[in-house]
Amino acid sequence: MLLKAEKIPIKGFIETSFIDWKGHLSSVLFTGGCNFRCPYCHNSDLVLRPNELEDIPLNYIIKRLKKFKKWVGHIVITGGEPTIHNGLLDLIEEIKSLGFKIKLDTNGSNPEMLKELARRNLLDYIAMDIKGPLDRYSRWCGIEVDVERIKESLKFILEGSIDYEFRMTIVPFFHKEKDIYETVKYIKAAKRFYIQEFKPKNTLNPSFMTITPFSPDKIREIKENVKKLFVLKDTADAI
């Protein structure tokens, strides 16, 4: 099992994090590579140059996880995009066998992988990024995207039994304000939705580093408007 899991490139490892899984102290694993090219992404090295980053041996990670399992019981798998790697199943199975709970960060482009992970009871939480209105999805992703696969992932998560959240990074000039509200309409029955502020640092498209993020007041205004679009009051309270 461990040998198969070694096939997935792990390029980053944070032993303890208070911010990657709300309400839990977690460890975070970063996989290399992504099938999207979102111009505002601030993990450009992971996306564009994963082969230039050193692999972190899985045996080392497992050893460290075992050492502080008493304090850290939750693991976040993020990227890049973890679901592009066939070895993801074996990786999560290996970590899950140690008794950890697993959160997966994903762009939703591989619904088959999500369903198989769910079938094997390997996930405790899914965080899916939704980039913008689905009718222009390739624009937000910087590459041609089969939006039907995105819809399939949205449907699976919304109707499934695994706990989840959706999140959207909002970028001035790239996203018009109406794009944000239009995006919410696809997930208005969701339990959780988080607006993420754009970070103009190390972006895939260097020109995006010149963009000034929305002001705190504007973010608050957008969040208040977004709250009104959700069906569940708890969702509005969480934004």
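In table form, for the structure just shown:
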| item | result |
| --- | --- |
| Top-ranked residue of segment 216-233 - restricted to ones that are outside any loop (DSSP other than H, G, I, E, B) and loosely packed, with under 10 Cβ neighbours inside 10 Å, ranked as modelled with the lowest pLDDT | Lys233 |
| Residues being of a type outside the set (A, V, I, L, M) and in a loop (DSSP other than H, G, I, E, B) - total across segment 172-202 | 11 |
| So Thr212, is it crowded, with 18+ Cβ neighbours inside 10 Å, touching a residue at least 40 places away in the same chain (Cβ under 8 Å) and assigned to a loop (DSSP other than H, G, I, E, B) | no |
| Enumeration of residues in segment 181-207 that are under 11 Å from Ile170 (Cα atoms) and in contact with a His (Cβ under 6 Å, 6 or more places away or on another chain) | Lys199 |
| Members of segment 1-14 found to be surrounded by 14 or more Cβ atoms within 10 Å (Cβ to Cβ) and modelled with pLDDT under 95, listed by number | Lys4, Ala5, Glu6, Ile8, Pro9 |
| Criterion violated by Val47 - all others in (1) assigned to a loop (DSSP other than H, G, I, E, B); (2) surrounded by 16 or more Cβ atoms within 10 Å (Cβ to Cβ) satisfied | (1) |
| The lone exception for Leu122 - which of (1) under 21 Å from Val145 (Cα atoms); (2) surrounded by fewer than 21 Cβ atoms within 10 Å (Cβ to Cβ); (3) modelled with pLDDT of 95 or more it fails | (1) |
| Subset of segment 96-132 (residues that are part of a helix (DSSP H, G or I) and touching a residue at least 24 places away in the same chain (Cβ under 8 Å)) | Lys96, Pro111, Met113, Leu114, Lys115, Glu116, Leu117, Ala118 |
| Members of segment 133-171 found to be part of a helix (DSSP H, G or I), more than 16 Å from the chain's Cα centre (by Cα) and either among the small types (Gly, Ala, Ser) or under 27 Å from Ile211 (Cβ atoms) (or both), listed by number | Leu134, Asp135, Arg136, Tyr137, Ser138, Arg139, Val147 |
| Selection within segment 66-95 - part of a helix (DSSP H, G or I) and either at pLDDT below 95 or farther than 14 Å from Gly12 by Cα (or both) | Lys66, Lys67, Thr83, Ile84, Leu88, Leu89, Asp90, Leu91, Ile92, Glu93, Glu94, Ile95 |
| Complete set of residues in segment 177-200 that are surrounded by fewer than 19 Cβ atoms within 10 Å (Cβ to Cβ) and either in contact (Cβ under 8 Å) with a residue 60 or more places away in the chain or under 23 Å from Asn43 (Cα atoms) (or both) | Tyr194, Ile195, Gln196, Glu197, Lys199, Pro200 |
| Check on Val171, crowded, with 18+ Cβ neighbours inside 10 Å, of a type in the set (Val, Ile, Thr) and modelled with pLDDT under 95 | no |
| Which numbered condition Gly12 misses (of (1) assigned to a helix (DSSP H, G or I); (2) over 28 Å from Leu158 (Cβ atoms); (3) of a type in the set (Gly, Ala, Ser)) | (1) |
| Test: residue in segment 183-196 that is under 28 Å from Leu91 (Cβ atoms) and at pLDDT 95 or above | no |
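The values are calculated or read from the model by the stated rules, or taken from the named source; none is laboratory data. This is a predicted model, so every value here is computed, not measured. When we count neighbours, we look across all protein chains shown, and the Cβ atoms used for this are built from the backbone with ideal geometry, even at glycine.
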